Amino acid sequence: MQKLAVPISIVVAGALIAGAVFFVNMNNATAGPADPGSGVVAEEIRGVQPDDHILGNPNAKLVIVEFSDTECPFCKQFHGTLHRVIEEYGGSGEVAWVYRHFPLPQLHPNAPKQAEALECAAELGGNELFWRYTDLLYQTMPQTGLDMGAYDVTGRSARTDGGQLVDMAAELGMDTAAFQSCLDSGKYESRVELDWNEAVAAGGRGTPHSIIIVDGEQIPIEGAQPFEVVKGIIDTLL
């Protein structure tokens with residue numbers, strides 16, 4: 001019986017750690033200012049930049065800057081929410097969505113390289129291919145944070161990429177040799193790091209972390225707020 005005690009205790013401890021990590025992520029995904037005026041940005045972020053990845057009008061009155069992790073299940077959820085936002089408001093030119101990187105390697109060790117892969121897609125195919133590649137990458141994720149089958153007992157992603165990033169590039173018609181060369185070069189590590197540092201300085205402690213820029217003001221949206229909440233904030237600000 002004593003021989004079984006240690007292995008059983010390891011399994012129980014692993015389950016508790018996974019549960020704790022999930023609980024922290026769930027809190028990050030659900031906590032946030034429903035009142036758009038109740039949040040404070042710790043340090044202001046850059047406005048829309050020429051090299052930003054943007055959907056919608058770059059000169060829109062209201063811009064949502066999202067800092068995201070491609071392996072975060074809550075980011076996947078919020079990715080769909082922001083697509084709905086652009087479908088509803090993008091046509092009028094009033095709202096735009098900017099994507100910046102916020103990989104959390106302690107939980108998602110593949111995320112930093114995936115962020116670089118997004119930049120390589122942009123290099124090879126511009127803004128359109130960046131967004132197509134981003135959408136495809138999120139489609140490989142679990143559907144919700146409740147799907148823990150993609151995570152090991154520490155709460156870290158158990159998904160391995162191998163040649164998957166290159167395979168997705170091929171699926172979208174990219175030059176795979178050029179994509180692989182770009183990815184291997186590490187040329188976009190500094191770009192990802194810049195976004196990461198900016199997110200942390202702006203108060204980001206979990207993903208997704210988003211900031212609305214409107215009329216010179218910056219208003220944080222913490223976590224994967226549902227579409228109805230985001231719509232309410234936008235309607236109030238517009």
Q: Going by C-beta contacts inside 10 Å, put Thr207, Thr140, Thr81 in order with the fewest on the left.
A: Thr140, Thr81, Thr207
Q. Considering amide H positions built from the backbone, and no H for Pro or chain starts, which residues 5 or more places from Ala224, or on another chain, come under 5 Å of its amide H?
A. Ala29, Thr30
Q: Any chance you could run the full-extension gain for Ala170 through Gln139? It's 0.36 nm times the residue separation minus the Cα-Cα distance, nm to one decimal.
A: 9.6 nm
Q) How do Tyr133, Tyr99, Tyr89 line up, fewest other C-beta atoms within 10 Å first? A) Tyr99, Tyr89, Tyr133
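Any read-out appearing in this document is the output of simple, stated calculations on the displayed coordinates, not a laboratory observation. Worth saying up front: this structure is predicted, and the values here are computed from it rather than measured. Backbone-built Cβ (ideal geometry, glycine too); neighbour counts: all protein chains shown.
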